[in-house]
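See below for the structure under consideration.
The values are calculated or read from the model by the stated rules, or taken from the named source; none is laboratory data. Remember, it's a predicted structure, so these values are computed and weren't measured experimentally. Positions of Cβ are backbone-derived with ideal geometry, glycine not excepted, and every protein chain shown enters the neighbour counts. With ligands, DNA and RNA removed, areas are computed over all heavy atoms of the protein, side chains included. Shrake-Rupley method; radii C 1.70, N 1.55, O 1.52, S 1.80 Å.
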Amino acid sequence: MDDLLPGDRIHGFPGGLKLEHHKAVACERPVARPPMPERLFIQVVQHQGESGRIVVEPGEWVAKGQALTAAGDDFIVPEHTPSSGTIEAITDHPAAFPPGGTQQAIVLVPDGRDEWTERNPLSDWRNASGTAIVDHLHRAGMAGLGGAMFPTAAKLRGDWPGIHSVILNGAECEPWIACDEMLMRERPRDVIEGGLILARAAGAERVVIAIEDRMGAVEAKLREARRELDAERNVRIRKVFTVYPEGGERQIIQALTGREVPHDGLPQDLGVIVHNVGTAATARDAVVEGRPLIERIVTVTGPGIAEPRNLLALVGTPFNHLVETAGGYRGEVTRLILGGPMSGTALASDEIPVTKGSNCVLALTDNETAPTQPTLPCINCGECVRVCPARLLPQTLFRLIEAENYDAAADYDLPDCIECGCCAAVCPSHIPLVDYYKHGKDELTRRRLDRRRAALAKRRYEAREERLRREKEERQARRKEREEKLKRPEEAQDEIQAAIERAKRNKKT
Amino acid sequence: MKFELAGAPHQPPAASVGGVMRQVLYALVPAVVAHVWFFGYGILFQIALAVAFAVGLEAAMLKLRDRPIRLFLSDYSAVVTGVLFALCMPPLAPWWIAAIGMLFAIVIAKHLYGGLGYNLFNPAMVGFAAVIIAFPLELSQWVLPRSLSPGLPGLLETAQAIFTGHLPAKLNWDAVTGATPLDELRTGVRENLLVTEIRNAPIFGDFGGRGWEWIANFYALGGIYLLWKRVISWHVPVAVLATTIIVSAPLWLLGPDTNPSPLQHIFSGALVLGAFFIATDPVSGCSTLRGKLLFGAGVAILTLVIRRWGGYPDGVAFAILLMNMTAPLVDRLTRPRTYGHGNSSSGS
């Protein structure tokens, strides 16, 4: 380990793309709260992990902030009521994942009174133990707001020796998305205070806030807030180069430290933990105000939106309600995207609700949409190699996966692909490379499971064979023993005598 | 409302194969204009012939292979192959040379290997290698540059020469054509003449051959345009030119009488064309950055070796074909280190 701390020097990372930002268009208006929707659809699972037990029933009245599902271990994150009202149903509702599919959701009809349940802040967090804070955040339903929805408690907990810094990721590198930028502009103090809370929870002495070098206004706001909080000593504000995908966890670490997360390791191995700035502000709300994670800023933008803007939306708000609040659709919208244009997910329907990771709804019209066909063969131009931030050979991986040579693709480090989409964006043959990599990874996972199942089956089979062999041997040994006895005349006579008497006895009875 | 489902990224692609190939064609325009100025209209006929045969054969092969014809013709790769081949032809080469060259380039080197993206060898260079091996005589008849010529053949005379093999009576072959500077050099060295003596011949200019060196400049200009447009990366051309200088400079300094100067090497034959337009062919070249450097260096060294000891005056085409063979292996050996794999700075 060297002595450089995150942000001592700004390093680059290989590859990446300079993209047009398209962010300003959604930043002209302040963040606003849309009117209360008629119904909220709260997905039962909104994080990487499993659903908690549902603790409410249809017909029941619930207060704002009340738990809808029970918290379990760190990968079972609870969901809370975004506003007071009556549970109408628990049903399957359209969801972003799986694409075109549905997920179980709790349907809530808000009563408009917005009545809170009892709030339990952790007011004295500066003196609370790390575990107490982590437990509190877990009970507040915290999962990463950056998009991946990784359970916050699972990231913070664990006996990691030497966590020295919490990195707050404010480098929102995807075009169009501006929710983090607006959050940092409007609530810089809460972001910093949240960062300090997360650092306390992780046992780190320092918070490093990473923003893009084009976010000058944000930097000024953060500096001012840091001064007000008297946190200059342990909060660093650093600008990184605006290159997509520097907001990726591994890339932001590389940009700030010059070091790489080991391929079989975690950021914790380098003494750092990365959280999204939105996660930090929400952690502050949970700890200081006792508000569970029930709302977030969503950017509603794109050429297909009449008045692009950022909205503070309750979890469960259907996207079409947000689009309406932003003036409705404009033109022929062909693709609706959750997230950004580089790595976002296409949505089949706009009835899909806001979840904890919904950072942006992007409406694209035909002109701004990648064609799905036709593709040409790979011409090996190497543009993908140039832009790959993981330093993979995307064209080689493509050819191997196309040839269904998945093991070779694994040798070429397919699992290290971060699916940023840079390769596909520059491909002159318009090959949907990321789709291939996702398929290849799924296939590798499936094979690993198959291999494990096969190994188990083999073990069972071998155990059975072993048992049958042993039984056979034992039978043979017994028979041999009897035969040996029969060979000796006197013992044989006894045997015969005994057999005759047994037969007689049996006859009598 | 319902929307289409598709994988990311969602924004329109920045480039297309057809667009890339068209950029290559634009970049060749200055050199073609210079070619016409120095050597007459012949190159235009050669380009027209080669492109016509290339596109015709491409369409026929696509039809035979049951591939979408319009889609693959719009990638312009056959046109580029035809133009690059034509630029290596003597201006008055007979028409059937282009037909045979394109047969080897498009049918054999490209489509029998699987079409666009799958050819191991650069098609234009396969075509060129085939015709220079089969018809060395026809390919050694170069038109003399404007300043040395009693009069460049006009449009009609050029057409007559290419399609009938005869020049009109007032011009004769010996007057308007001659050996290329590289041929002169080669023959001279064989006869134990000093390089400085050979270079006294009028056909030589400041660095390479008269006219030739100017065309090389325009190839370089086009190459810089491609670099600026990010159609090619700097690695291959820089490796070819730098290696040529690094290898030939010491030899020239030690024996200026028997070894041509580095600049003469660069400005002769197809070296600049090869460095910017042919060795940069993505399909048959390397795709890793270190691989591109090695590929370019290999092309330069093999070119110099063939020019010095080989059986043909210029070695660029054969050097590129030989390096094409090594490209898959070089790519494998120069694979970059993946993020987070076995580096010293990752800690733990």
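For the range A:326-335, a residue qualifies if it is within 11 Å of chain B (Cβ to nearest Cβ), surrounded by 19 or more Cβ atoms within 10 Å (Cβ to Cβ) and over 24 Å from the mean Cα position of the chain (by Cα), and the qualifying residues are A:Y329, A:V333.
The listed residues are A:D159, A:D180, A:D190, and the only one of them that is farther than 18 Å from A:P30 by Cβ and open to solvent by 10 Å² or more (accessible area, probe 1.4 Å) turns out to be A:D159. Of the set (1) over 24 Å from B:K229 (Cα atoms); (2) in contact with a Phe, Trp or Tyr (Cβ under 7 Å, 6 or more places away or on another chain), all apply to B:H265 but (2). All conditions in (1) surrounded by 23 or more Cβ atoms within 10 Å (Cβ to Cβ); (2) part of a loop (DSSP other than H, G, I, E, B) hold for B:A6, with the sole exception of (1). Suppose we filter B:G315, B:G311, B:G342 for residues that are at pLDDT below 90 and open to solvent by less than 20 Å² (accessible area, probe 1.4 Å); which single one remains? B:G315 is the lone residue from the list that is at pLDDT below 90 and open to solvent by less than 20 Å² (accessible area, probe 1.4 Å).
The single condition from (1) in contact with a Pro (Cβ under 6 Å, 6 or more places away or on another chain); (2) farther than 30 Å from B:G19 by Cβ; (3) in the same structural domain as A:Y436 (by TED's automatic domain parsing); (4) not aliphatic (A, V, I, L, M) that A:C388 fails is (2).
Tell me, yes or no, whether the range B:33-42 has at least one residue that is in a helix (DSSP H, G or I) and closer than 13 Å to A:C381 by Cβ.
Looking for residues that are in a helix (DSSP H, G or I) and closer than 13 Å to A:C381 by Cβ, one finds none in the range B:33-42, hence no.
Filtering the range B:105-124 to residues that are within 29 Å of B:T164 (Cβ to Cβ) and surrounded by fewer than 24 Cβ atoms within 10 Å (Cβ to Cβ) leaves B:V107, B:I108. Set side by side, the residues A:L468, A:L400, A:L449, A:L456 differ, and just one is open to solvent by less than 50 Å² (accessible area, probe 1.4 Å) and hydrophobic (A, V, I, L, M, F, W, C), which is A:L400.
Entry remark, the range A:403-426: residues being open to solvent by 50 Å² or more (accessible area, probe 1.4 Å) and in a loop (DSSP other than H, G, I, E, B) number 5 in total. Annotation for the range B:64-81: at least one member residue is more than 14 Å from every other protein chain (Cβ to nearest Cβ), modelled with pLDDT under 95 and outside any loop (DSSP other than H, G, I, E, B). For the range B:318-336, the count of residues that are touching a residue at least 40 places away in the same chain (Cβ under 8 Å), on the phi > 0 side of the Ramachandran plot and either of a type outside the set (K, R) or open to solvent by 10 Å² or more (accessible area, probe 1.4 Å) (or both) is zero. For beta carbons closer than 6 Å, sequence separation of 6+ or different chains, a first residue in the range A:365-376 that is more than 8 Å from chain B (Cβ to nearest Cβ) and a second that is open to solvent by less than 20 Å² (accessible area, probe 1.4 Å) and not in a loop (DSSP other than H, G, I, E, B), the qualifying pairs are A:T365/A:V333. I'm told B:I301 meets every condition in (1) under 23 Å from B:A105 (Cα atoms); (2) open to solvent by 20 Å² or more (accessible area, probe 1.4 Å) except one. Can you identify the failing condition by its number? Against the list (1) under 23 Å from B:A105 (Cα atoms); (2) open to solvent by 20 Å² or more (accessible area, probe 1.4 Å), B:I301 comes up short only on (1).
Residues checked against (1) hydroxyl-bearing (S, T, Y); (2) open to solvent by 10 Å² or more (accessible area, probe 1.4 Å); (3) under 18 Å from the mean Cα position of the chain (by Cα); (4) under 29 Å from A:E20 (Cα atoms):
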{"residue": "A:K239", "(1), (2), (3), (4)": "no, yes, no, yes"}
{"residue": "A:E246", "(1), (2), (3), (4)": "no, no, yes, yes"}
{"residue": "A:G271", "(1), (2), (3), (4)": "no, no, no, no"}
{"residue": "A:R284", "(1), (2), (3), (4)": "no, yes, no, no"}
{"residue": "A:R291", "(1), (2), (3), (4)": "no, yes, no, no"}
{"residue": "A:A313", "(1), (2), (3), (4)": "no, no, no, yes"}
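Taking the range B:196-302 and the helices (runs of 4 or more DSSP H) fully enclosed by it, the elements with 1 or more residues that are farther than 26 Å from B:V32 by Cβ are at B:235-254, B:262-267. Consider the range B:9-32 and keep the residues that are without any contact (Cβ under 8 Å) to a residue 12 or more places away in the chain and among the hydrophobic types (A, V, I, L, M, F, W, C). The one that is most open to solvent (accessible area, probe 1.4 Å) is B:A14.
Would you check which residues across the range B:33-58 are surrounded by fewer than 20 Cβ atoms within 10 Å (Cβ to Cβ) and within 21 Å of B:P123 (Cβ to Cβ) and list them? So that I can check it myself, show each step before the final result.
Applying the first criterion (surrounded by fewer than 20 Cβ atoms within 10 Å (Cβ to Cβ)) to the range B:33-58 yields B:33, B:36-37, B:44, B:48, B:52, B:55-56.
Once the filter is applied, which keeps residues that are surrounded by fewer than 20 Cβ atoms within 10 Å (Cβ to Cβ) and within 21 Å of B:P123 (Cβ to Cβ), the range B:33-58 yields B:A48, B:A52, B:V55, B:G56.
Of A:P99, A:P35, A:P30, A:P78, all but one fail to be open to solvent by 20 Å² or more (accessible area, probe 1.4 Å) and farther than 30 Å from A:T242 by Cβ; the exception is A:P35. Candidates in the range A:130-155 are the residues that are open to solvent by 60 Å² or more (accessible area, probe 1.4 Å) and not aromatic (F, W, Y); of these, the one that is nearest to the chain's Cα centre (by Cα) is A:A148.
Here's the yes/no breakdown for (1) among the acidic types (D, E); (2) more than 8 Å from chain B (Cβ to nearest Cβ); (3) in contact (Cβ under 8 Å) with a residue 12 or more places away in the chain:
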{"position": "A:C384", "(1), (2), (3)": "no, yes, yes"}
{"position": "A:C427", "(1), (2), (3)": "no, no, yes"}
{"position": "A:H430", "(1), (2), (3)": "no, no, yes"}
{"position": "A:V434", "(1), (2), (3)": "no, no, yes"}
{"position": "A:Y437", "(1), (2), (3)": "no, yes, yes"}
{"position": "A:T445", "(1), (2), (3)": "no, yes, no"}
{"position": "A:R459", "(1), (2), (3)": "no, yes, no"}
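Would the range B:312-329 turn up any residue that is closer than 30 Å to A:H263 by Cα and in a loop (DSSP other than H, G, I, E, B)? Outline the logic, then answer.
Within the range B:312-329, the first condition is being closer than 30 Å to A:H263 by Cα, and the residues that meet it are B:327-329.
Then drop every residue that is not in a loop (DSSP other than H, G, I, E, B), which leaves none.
No, that holds for no residue.
No other residue among A:V277, A:V323 is at pLDDT 95 or above, outside the structural domain of A:G340 (by TED's automatic domain parsing), open to solvent by less than 20 Å² (accessible area, probe 1.4 Å) and under 30 Å from A:E368 (Cα atoms) apart from A:V277. Scanning the range B:70-103 for residues being surrounded by fewer than 22 Cβ atoms within 10 Å (Cβ to Cβ) and within 17 Å of B:I132 (Cα to Cα) gives a total of 7. Here B:W234, B:W252 are screened, and the one residue that is within 14 Å of another protein chain (Cβ to nearest Cβ), open to solvent by 30 Å² or more (accessible area, probe 1.4 Å) and hydrophobic (A, V, I, L, M, F, W, C) is B:W234.
Which members of the range A:255-313 meet the condition of being part of a helix (DSSP H, G or I) and either over 24 Å from A:H80 (Cβ atoms) or within 14 Å of another protein chain (Cβ to nearest Cβ) (or both)? So that I can check it myself, show each step before the final result.
Initially, the range A:255-313 is screened for residues part of a helix (DSSP H, G or I), giving A:255-257, A:267-270, A:277-289.
Answer for the range A:255-313, where residues must be part of a helix (DSSP H, G or I) and either over 24 Å from A:H80 (Cβ atoms) or within 14 Å of another protein chain (Cβ to nearest Cβ) (or both): A:A255, A:L256, A:T257, A:P267, A:Q268, A:D269, A:L270.
When you scan the range B:274-294, do you find a residue that is among the small types (G, A, S), in contact (Cβ under 8 Å) with a residue 40 or more places away in the chain and surrounded by fewer than 24 Cβ atoms within 10 Å (Cβ to Cβ), even just one? No, the conditions are met nowhere in the range B:274-294.
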